[in-house]
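Undergrad: My questions all concern the structure below.
Every number here is computed from the coordinates shown, using simple stated rules; none is lab data. Keep in mind the model is a prediction, meaning the values are calculated, not measured. Cβ: placed from backbone, ideal geometry, glycine included. Neighbour counts: every protein chain shown.
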Amino acid sequence: MQLLNKLYKLNRTLLSDDNYDTLEILNNEIPIKIHKFKSGTKCFDWKIPKKWKVNKGTLKDSNGNIVINSNDNILHLINYSSSYSGKISLKELNPHLYFDKKLPDAIPYRTSYYSENWGFCISYNKYLQLKDDYYYVEIDTEFEDDNLLIGESVIKGKSKKEVILSSYYCHPNQINDGLSGVILLTKLYKKLKKLNLKYTYRFFFWPETIGALTALSQGLIKPKNVEYALVSTTVGYGKNVNYKRTYLGNHSIDNIVEDIDDINILDYKPTGSDERQFSSNGIRIPTGVLTLTPYEKYNEYHTSADNLNLICKNNINKMLDFYIKTVVSYEEYSKCKIVTSGGEPFLTKYNLYRTVSVPGHSDDDLIRNWILHYSDGTKNIKDISKLINVDESIISKFIENFKSKGLLV
Ligand code: ZN
């Protein structure tokens, strides 16, 4: 919780001075390499924006009493709000006020990263108290060229194949959305560091969406090297564990997670977090999302109520166990790969075929042929078991036999 307390209130957004502090604080937990990418850098169809700096954000009534002050909570300003200063009527002010009727006491979190807007976010109950009067707006913000920051931690395994574990540190003054995933990954790093691993694990901390696009477009992640990815977020609140499948729906990581007890499985859809960028055209990294209550299922999402009262430290630890179980189980399964270069192997040569041909085939023939069919180096015993609906233990006996004859590796 100490780490959470340090990070929680910082003005963490796409680019900000506090983003430097965020990664420095994380660097005290686990070794982090900080990659910097300049404002204006093209990332596929996107461009890294400027840094957002807030000098002042106040709304005063006609008597000069402060109604809103962004010093109290940075969520009071639309994230990336531009400057505005003037005396305006409530009618003129209204289109610049954002509230959330579902949670009338909470300040909503609204962003306007890529279009110029100014505005305040206010609780609905406070909004109802505003009188039909004049108000003084003073929003003083600056936009400067700076760097988008990506924090990376690596645990090298025996293989060059990589597993990508990412979370995002943007979303100031909120915990479950984003920050809980960051905390979980720092804990996961410490646990995995102690193990002897097959895959290389790369942990990334960045601002959501533009961070993933930057890493992918600037070569920090090479999709061809990636075995699978997991996006870690919303792991602090809720009772049930949810897993959103990869865009493939039956990748090895999907099959592994599906077999862990007490997990609710959700199908992929192109909404949500960085799984969208990882799964997109031209990238196609199989990416799962392992969460507690997903973002669209809790009312406090994107409001000031996503705070220390909402989340529970035990939840993050419970989810950490699920992540470890998933990663370790994936490590234990190896992919089945046939050694012959094309065509079916000549089974007679290996004493695997009956000596006199008879019409039809036995169940064993069919299982054997399916295993050979699917042993292309992308599937493990569990995957093949699910594809042909035959128990893993039976498949494993066939595979051991193939291996003993030098047909499979
Ligand atoms: Zn969010």
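Undergrad: On a full-extension model of 0.36 nm per residue, what is the gain between Asp133 and Glu92, subtracting their alpha-carbon distance, rounded to one decimal in nm?
TA: Fully extending the segment from Asp133 to Glu92 adds 13.7 nm.
Undergrad: When a/c is below 1.5 the answer is rounded, else prolate if a/b is larger than b/c, else oblate, so apply that to the chain with a ≥ b ≥ c taken from the square roots of the Cα gyration tensor eigenvalues.
TA: In terms of gyration-tensor shape, prolate.
Undergrad: For the pair Lys6 and Asp18, how long in nm is the line joining their label points, each one 7 Å along Cα→Cβ?
TA: With each label point 7 Å from Cα toward Cβ, the separation is 1.6 nm.
Undergrad: Right, next: For the range 157-215, what class follows from the C-alpha gyration tensor (a ≥ b ≥ c being the square roots of its eigenvalues): rounded when a/c is under 1.5, otherwise prolate if a/b is larger than b/c, else oblate?
TA: oblate
Undergrad: List Ser273, Ser279, Ser83, Ser393 from most exposed to least, where exposure is judged by having the fewest other Cβ atoms within 10 Å.
TA: Ranking Ser273, Ser279, Ser83, Ser393 by Cβ neighbours within 10 Å, fewest first, gives Ser393, Ser83, Ser279, Ser273.
Undergrad: Moving on. Per-residue HN-Hα couplings for the range 250-260, Karplus 6.51 cos²θ - 1.76 cosθ + 1.60 at θ = phi - 60°, whole Hz, x for Gly and Pro?
TA: With coefficients 6.51, -1.76 and 1.60, one gets 9, 5, 3, 5, 5, 5, 5, 5, 3, 8, 7 Hz.
Undergrad: A follow-up question, please. Cα centroid distance between the range 267-295 and the range 85-109, in Å?
TA: What the calculation gives is 32 Å, centre to centre.
Undergrad: If you don't mind, there's one more thing I want to ask. Name the most mobile residue of Thr271, Thr348, Thr22, meaning the one with the largest mean-square fluctuation, in a Gaussian network model of the chain with Cα contacts below 10 Å.
TA: Thr348
Undergrad: Which angle from 0 to 90°, rounded to the nearest 10, does the C-alpha axis of helix 179-193 make with the longest principal axis of the chain?
TA: Its long axis makes an angle of about 40 degrees.
Undergrad: Using modelled backbone amide H atoms (1.01 Å from N, in-plane), which distant-in-sequence or interchain residues come within less than 5 Å of Ile68's amide H?
TA: Leu59
Undergrad: When we measure straight from the Cα of Lys53, which aspartates and glutamates land under 13 angstrom away, once same-chain ones fewer than 8 places off are left out?
TA: Leaving aside aspartates and glutamates fewer than 8 places away in the same chain, those within reach of Lys53 are Asp17, Asp18, Asp140, Glu142, Glu144, Asp145, Asp146.
Undergrad: Remind me, relative contact order of the chain in percent, using alpha carbon pairs under 8 angstrom and six or more residues apart?
TA: That works out to 15 percent.
Undergrad: Ok, one more. Residue by residue through the range 195-212, what is 3J(HN,Hα) from phi via Karplus (6.51 cos²θ - 1.76 cosθ + 1.60, θ = phi - 60°)? Round to whole Hz and write x for glycine and proline.
TA: For the range 195-212, the Karplus-derived couplings read 9, 8, 10, 7, 8, 8, 9, 10, 9, 10, 10, 7, x, 4, 6, 5, x, 5 Hz, x marking Gly and Pro.
Undergrad: Moving on. Given charges of +1 on the Cβ of Lys and Arg and -1 on the Cβ of Asp and Glu, with all other atoms neutral, how large is the dipole of the range 58-214 about its Cα centre, in debye to the nearest 20?
TA: The dipole magnitude comes to about 1580 debye.
Undergrad: Another question, then. For the charge dipole of the range 55-188, defined by +1 on Lys and Arg C-beta atoms and -1 on Asp and Glu C-beta atoms about the Cα centroid, which residue among Ile74, Ile155, Gly57 has the Cα displaced farthest towards the positive pole?
TA: Farthest along the dipole direction, towards plus: Ile155.
Undergrad: Could you give me the ³J(HN,Hα) list for the range 284-290, computed from phi with Karplus coefficients 6.51, -1.76, 1.60 and θ = phi - 60°, whole Hz, x at Gly and Pro?
TA: Per-residue couplings from phi come out as 6, 8, x, 10, x, 10, 10 Hz.
Undergrad: Here is a follow-up. Trypsin sites (Lys or Arg not before Pro), restricted to the range 1-90: which are DSSP loop and have at most 14 other Cβ atoms within 10 Å?
TA: For trypsin sites (Lys or Arg not before Pro) across the range 1-90 that sit outside H, G, I, E and B with at most 14 neighbouring Cβ atoms in 10 Å, the list reads Lys9.
Undergrad: Of all DSSP beta bridges in the chain, what percent run antiparallel (nearest 5)?
TA: 65 percent
Undergrad: Here is a follow-up. Post the alpha-carbon centroid distance, the range 1-45 to the range 159-176, in whole angstrom.
TA: The range 1-45 and the range 159-176 have Cα centres separated by 11 Å.
Undergrad: With the Cα gyration tensor of the range 72-127 giving a ≥ b ≥ c as the square roots of its eigenvalues, does the rule (a/c under 1.5 for rounded; else a/b larger than b/c for prolate; else oblate) give rounded, prolate or oblate?
TA: Oblate shape, in that a/c is at least 1.5 and b/c is the bigger or equal ratio.
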